[in-house]
Amino acid sequence: MRSRDAGDIALPMNQIVAKGIELRGNFRFHPEFATAVQFLNQGLIDAKPVITRILPLAEAVAAFALAGDKSQSLKVQIAFGDAPTTLKPILDTV
């Protein structure tokens, strides 16, 4: 298999086939990404339910740690500059 940005990736194909695992891949900046951003900007999608926390840039390391722990978070947003770190003001302006 080939990844767009990581080169070749070794996979245990015998185990994947033997266990009947369905393998899918995607690239996060596919055209659907632009559509999703457009829907957010138009208010057609409410993102509030999936954002667990918004942390300031100064707490970026903690934000990535939280985002990496799927038992505690779904999505974590990093606020840059003077952006508010509460959900309501940020998302209501989208």
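Work out from phi, with θ = phi - 60° and the Karplus expression 6.51 cos²θ - 1.76 cosθ + 1.60, the ³J(HN,Hα) of each residue of the range 37-47, listed in order in whole Hz, and give x for Gly and Pro.
Along the range 37-47, the couplings run 5, 4, 4, 4, 5, 7, x, 7, 10, 9, 7 Hz.
For the range 78-83, take each phi angle, set θ = phi - 60°, evaluate the Karplus expression 6.51 cos²θ - 1.76 cosθ + 1.60, and give the result in whole Hz per residue in order, putting x for glycine and proline.
9, 8, 9, x, 8, 4
What nm value, rounded to one decimal, do you get for the distance between Ile9 and Leu44 when each label is placed 7 Å out toward the C-beta?
Simple spin-label model gives 2.9 nm for this pair.
Can you list residues from other chains, or at least 5 along the same chain, whose modelled amide H is less than 5 Å from the amide H of Ala79?
Close amide H contacts, sequence-distant or interchain: Leu55, Leu57.
Just grab the label-to-label distance for Val37 and Asp82, each label 7 Å out from Cα along the Cβ direction, in nm (one decimal).
Roughly 2.4 nm, to one decimal.
Coordinate-derived values only; no laboratory data. What you see is a predicted model; the values in this text were computed from it and never measured. Reconstructed Cβ throughout: ideal geometry from the backbone, glycine too, with neighbour counts over all protein chains shown.
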